[in-house]
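The values are calculated or read from the model by the stated rules, or taken from the named source; none is laboratory data. Everything numeric here is computed off the predicted structure, so don't read it as measured data. Cβ: placed from backbone, ideal geometry, glycine included. Neighbour counts: every protein chain shown. In case anyone asks, the SASA skips ligands and DNA or RNA and just uses the protein heavy atoms, side chains included. Shrake-Rupley method; radii C 1.70, N 1.55, O 1.52, S 1.80 Å.
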Amino acid sequence: MFVLNLSAENWVGNQDEGDLIQSPNWSPIEQGIRDLNVTTKNLVTLGADDECYMSIGGGESGKYIVNVTFDNVRFPNLVYPSKLDAIEKLVVGGQEGNYSARMCVNLETRLLADKTFTASGKLDISLSWEEAKALVML
């Protein structure tokens, strides 16, 4: 298995009292991801090292945000390329944010991406990944 640790946030008030599981197998990874909800559990990170990890956030109304980095510089997002680029609100990492509707994927799509990364450390090529566009303020 490629993933070496699982970090699952658990917000109690404004404190994260989550868990860090070393050398997880698929069962706790899948459970941690399925437990995502809008109130207390809204971010799971699957790590290989400090620079290579996948983050899965959200959970509200069956919508999730998935991104990955292999170098802690580029962060491809899992997307539905045919979706309109409207804005949706999701709670990720304990705070509400605005996300492109293209980035809000369903459970089945998210689990496919998670399983591929967990097993091989690669992006599932049957899915669409898109680099985040940086905003430059002058």
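A residue that is in contact (Cβ under 8 Å) with a residue 60 or more places away in the chain, polar (S, T, N, Q) and either closer than 22 Å to Glu17 by Cβ or out of contact with any helix residue (DSSP H, G or I) (no Cβ under 6 Å at 6 or more places or on another chain) (or both) occurs nowhere in the stretch 69-89.
The set of residues from the stretch 120-138 being aliphatic (A, V, I, L, M) and at pLDDT 95 or above comprises Leu123, Ile125, Leu127. Entry remark, the stretch 69-125: residues being part of a helix (DSSP H, G or I), open to solvent by less than 60 Å² (accessible area, probe 1.4 Å) and of a type in the set (Asp, Glu) number 1 in total.
Considering the stretch 52-62, and only residues there that are within 17 Å of Glu9 (Cα to Cα) and not in a strand (DSSP E or B), the residue that is farthest from the chain's Cα centre (by Cα) turns out to be Glu60. I'm trying to understand the selection: among the residues of the stretch 26-67, which are closer than 22 Å to Glu131 by Cα and either among the hydroxyl-bearing types (Ser, Thr, Tyr) or touching a residue at least 60 places away in the same chain (Cβ under 8 Å) (or both)? Answer for the stretch 26-67, where residues must be closer than 22 Å to Glu131 by Cα and either among the hydroxyl-bearing types (Ser, Thr, Tyr) or touching a residue at least 60 places away in the same chain (Cβ under 8 Å) (or both): Thr45, Leu46, Ala48, Cys52, Tyr53, Met54, Ser55, Tyr64, Asn67. Once the stretch 38-63 is narrowed to residues that are among the acidic types (Asp, Glu) and within 21 Å of Pro76 (Cα to Cα), the residue that is surrounded by the fewest Cβ atoms within 10 Å (Cβ to Cβ) is Asp50.
Within the stretch 5-37, being hydrophobic (A, V, I, L, M, F, W, C), more than 16 Å from the chain's Cα centre (by Cα) and surrounded by 13 or more Cβ atoms within 10 Å (Cβ to Cβ) holds for Trp11, Ile21.
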